[in-house]
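This report refers to the structure that appears directly beneath it.
Values quoted throughout were computed directly from the atomic coordinates according to the rules given, and no laboratory measurement underlies them. Note that this is a predicted model, so its numbers are computed, not measured. Reconstructed Cβ throughout: ideal geometry from the backbone, glycine too, with neighbour counts over all protein chains shown.
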Amino acid sequence: MKRILLGVLAMLALTGCATVRTLDANKPGAPVVYAGTRLDLYVINGGCCPKDRFGAEAPAYPRLDLPGSMLLDTLFLPLSLLTAAGVGFQATGGL
């Protein structure tokens, strides 16, 4: 099991994760909730212009990236729902 998980993580690292790419994009009007998953599905279904719609390039292998993006998007769901609702929050670390 550990070997499979490491293999999947290595594949995601090599192809680039759609969720991480959409988090960095910060494009006004771009989808926020499940954005990485939506980007992968958009490209899988033949979407032509992911950069225009999501503000990020699609991963080279969206079918391989899809499970990891779904997992990360689910983990980030509370934050993305708050962002989509327009709730601003200031998170800081340290003392």
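With a simple spin-label model that places each label point 7 Å from the Cα along the Cα-to-Cβ direction, the separation between Val87 and Leu5 comes to 3.0 nm. The local environment of Asp24, defined by Cβ-Cβ distances under 14 Å, has a net charge of +2 under the rule Lys, Arg +1 and Asp, Glu -1. Length gained on full extension, Ala30 to Asn45, computed as 0.36 nm times the residue gap minus the Cα-Cα distance: 3.6 nm.
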